[in-house]
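Comments concern the structure below.
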Amino acid sequence: MNFLIGISLFFMATMGAVTGTSVGVQAAQAQTLQKTLEKYSQMPSIQFEIKKTDEKVILGTTTESTGILKYQKSRLYISQNGSKKTELFYADKVLTLVEHPDTDFGDDGKRKVTVIKKNIPPLVTSLLNLFSNPKNFTKEFSVVSQSESEGVYVATLKPKSATIKNLSLKVNTSDLSLTEMSFVDDVDTKTTLSFSNLKTNKKMNRSEFQYKPSKTDEVLNQ
């Protein structure tokens, strides 16, 4: 049985008597997610414009940034432009985070670079599987709820990783396009990524996913 359909039926069964119609709706909704994952896994390359919103409950603050996300062949690149620019490079199982200096303090600041070769953050792994491996992605989560209204499908998922409390996806059902991904981390910060202007089959060079060091970089290896 399809994994997502099986999960859906399990949750429905625990609620008591279920009509055949409601089971059918749940199964159809599960198929929406599965078909969306399969659609993206078949794309040779992916590029989105993104808007990132962080809501920090403890501090009562909200910050926003815009940027670009690129994916190709298990490689990932994300740039964000907020109060300062940050870049994330993932290639050859190495994650490199580059924090650019705040331009408000002049142009002579140094970039802070963190290189991670072990313990890759679960969110990065989830993004990689989201775009490339539906089977692995569904293994990472259990379906908490799913709904569909006015052409928008919403799935709320519970990750196995303790560093993320929950994750949700929004999909436009007319073309099975991913429009939003949000998650709440272990300190109750909610991060929302809104996706727009999808480009596929765009030729991408390997160098676009690789960090280019500078002599003035302050590098920390983890």
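The values are calculated or read from the model by the stated rules, or taken from the named source; none is laboratory data. Computed from a prediction, not measured in an experiment: that's the story for all the values here. Note that we place each Cβ from the backbone using ideal geometry, even for glycine, and neighbour counts take in every protein chain shown. In case anyone asks, the SASA skips ligands and DNA or RNA and just uses the protein heavy atoms, side chains included. Shrake-Rupley method; radii C 1.70, N 1.55, O 1.52, S 1.80 Å.
Points to keep in mind about this one:
- Heavy atoms of Val94: accessible area, 1.4 Å probe, square angstrom to 10: 40 Å²
- Backbone N atoms of the stretch 175-190 closer than 11 Å to the 7 Å Cα→Cβ label point of Asn166 belong to residues 183-184.
- Taking Cα extents along the principal axes in Å as calculated from this structure, the corresponding entry among (i) 66, 42, 33; (ii) 64, 40, 29; (iii) 98, 64, 33 is (i).
- Cross-link pairs Lys84/Lys135; Lys52/Lys112; Lys112/Lys170; Lys158/Lys212; Lys160/Lys215 - those with Cα-Cα distance over 32 Å: Lys84/Lys135; Lys112/Lys170; Lys158/Lys212; Lys160/Lys215
- Axial C-alpha extent at least 30 Å, average Kyte-Doolittle at least -0.5 - helices from the chain (DSSP): 20-41
- The chain: most fluctuating residue of Arg206, Arg75, Arg111 per GNM, C-alpha cutoff 10 Å: Arg206
- With the simple model of a label 7 Å out from the Cα in the direction of the Cβ, Ile68 to Val152 spans 2.8 nm.
- Extreme residue, positive dipole direction of the chain, given options Val143, Val124, Ser45 (C-beta unit charges): Ser45
- Å² per residue, accessible surface of the chain at 1.4 Å: 56 Å²
- Rounded to the nearest 500, the 222 nm mean residue ellipticity of the chain from helices alone is -7000 deg cm²/dmol, with -39,500 (n - 2.57) taken per DSSP H run of at least 4 residues.
- Potential lengthening of the chain between Asn81 and Thr179 amounts to 33.3 nm, from the contour at 0.36 nm per residue minus the alpha-carbon distance.
- Nonpolar atom fraction for the chain, defined as the carbon and sulfur part of the 1.4 Å probe accessible area, stands at 52 percent.
- Whole-Hz ³J(HN,Hα) from phi, Karplus 6.51 cos²θ - 1.76 cosθ + 1.60, for the stretch 85-92, glycine and proline x: 8, 10, 9, 10, 10, 9, 7, 6
- When the chain is treated as a GNM with alpha-carbon contacts under 10 Å, the residue of Asn197, Asn133, Asn166 showing the greatest mean-square fluctuation is Asn197.
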